[in-house]
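See below for the structure under consideration.
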Amino acid sequence: MGSTPITITVYGAEKICASCVGAPGSKDTYEWLQAAIARKYADQGITYQYVDMDNPPEDKQQRDFVQKIWDEDLFYPVVLVNDEIVAEGITRLKTVYEALEKNGAALRQETK
């Protein structure tokens, strides 16, 4: 793993995005990403954040991004890897994995 930490942030809401009916909810996507990433990548240096768009935290950057989601009618959940949008609405693992590798995530070493 490179020395740069990787932060995965999922912005979502309890209510499913109107354009994403039939897709998993935001919290489900957040938990699914954690499990999928843990199976493929070493844990060191990867942190996860969930931002509830209905109750944004005090952090100004996160509040501003929540406002951007509402203003620009982005589909949610919105998934960021180190502040870069990698998924909007229905999340594809391949896109998230590509962003992780671009940011230096190390594959999990198999033990025998």
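Summary table below
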| read-out | value |
| --- | --- |
| For ILE46, residues with placed amide H under 5 Å, excluding near neighbours | ILE6 |
| In sequence order, calculated HN-Hα J values of the stretch 72-86 (Karplus, 6.51, -1.76, 1.60; Hz; x Gly/Pro) | 9, 6, 5, 6, 10, x, 9, 10, 10, 10, 6, 6, 10, 5, 10 |
| Answer label, with Rg and Dmax of the Cα atoms in Å calculated from the coordinates and candidates (i) 14.4, 49; (ii) 14.2, 51; (iii) 12.5, 34 | (ii) |
| Projected label distance in nm at GLN109 and ASP43, using a 7 Å step from Cα toward the beta-carbon | 1.6 nm |
| Antiparallel %, DSSP beta bridges [both residues in the stretch 6-102], to 5 | 55 percent |
| Phi-based couplings in Hz for the stretch 20-28 (Karplus 6.51, -1.76, 1.60; Gly and Pro marked x) | 10, 4, x, 8, x, x, 4, 5, 4 |
| Full-stretch length increase - ASP73, LYS27 - with 0.36 nm per residue and alpha-carbon distance subtracted | 14.6 nm |
| Rounded FRET efficiency, nearest 0.05, which uses the C-beta distance separating ASP54 from LYS94 and R0 of 22 Å | 0.15 |
| Exposed GluC sites (Glu not before Pro) absent - longest run of the chain, DSSP non-H/G/I/E/B, at most 11 other C-beta within 10 Å | 15-57 |
| Choice from THR91, THR29, THR47 with maximal GNM fluctuation in the chain (Cα, 10 Å cutoff) | THR47 |
| Most fluctuating residue given options PRO77, PRO24, PRO57, as computed from a GNM of the chain linking Cα atoms under 10 Å | PRO57 |
| Normalised contact order of the stretch 6-105, rounded percent, pairs of Cα under 8 Å and 6 or more residues apart | 38 percent |
| Total charge dipole magnitude, the stretch 6-102, about the Cα centre, Cβ charges on Lys, Arg, Asp, Glu only, Debye to nearest 20 | 380 debye |
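Each reported figure results from applying straightforward, stated rules to the coordinates on display, with no laboratory input. Treat the numbers as computed from the prediction; the structure is a model and nothing was measured. With ideal geometry, Cβ positions are generated from the backbone for all residues, glycine too; neighbour counts draw on all protein chains shown.
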